[in-house]
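Below is one structure; the comments refer to it alone.
Coordinate-derived values only; no laboratory data. Keep in mind that this is a model prediction, so the values were computed, not measured. No Cβ is skipped: glycine too gets one built from the backbone with ideal geometry, and neighbour counts run over all protein chains shown.
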Amino acid sequence: MIKQLDLTNPSVAQQFLDVQLPSYRIEAELIGFDGIPGLHDTIEKLGKCQETFFGCDVEEELAGAISFKLEEDGSVVDIHRLVVHPNYFRRGIGERLVRFVLEAFRSQANSFIVATGAANTPAKRLYAKLGFEEVRDVEAAPGLFITEFTRRGDC
């Protein structure tokens, strides 16, 4: 079940961190970079975050989550985080979360954008499968490249 998450609630923020931290540790290993900002998030930081969060529960446990920001006019959905707890990898949870956001804003948004580590092959495959097109690779930090993706909103 997918539901909106209120990260101003400390217990919800902790549940989210319990998913995000192990997920980002795996990504850090994949891309060879341990400076991913999400690895340093706290309950307090998340409570002040301006992103909208949705989570996917499996048997009443948070298994994955997605967050995004909308441009002021709602024309662009910028996906900021897609995290799945490693215990739930390869079960389609990340895909369900992205599809949920795509469907929710399909008629409103002109485009969706997202970025991931250039060496994060599983994430890159997922975004390509869901109709995102690679735009470019950008050096986000010395030696760390991220791949930016875009997708039209009316697809």
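General observations
- Note on 99, 90, 151: ascending count of other Cβ atoms within 10 Å places them as 90, 99, 151, the fewest first.
- Over 23 Å between alpha carbons, listed pairs 3/45; 48/129; 45/129; 45/124: 48/129; 45/129; 45/124
- Note on 80, 40, 85: ascending count of other Cβ atoms within 10 Å places them as 40, 80, 85, the fewest first.
- Think of each Lys and Arg Cβ as +1 and each Asp and Glu Cβ as -1; about the Cα centre, that makes the dipole of the chain roughly 400 debye.
- Whole-angstrom gap from the stretch 1-56 to the stretch 81-97, using each part's C-alpha centre: 13
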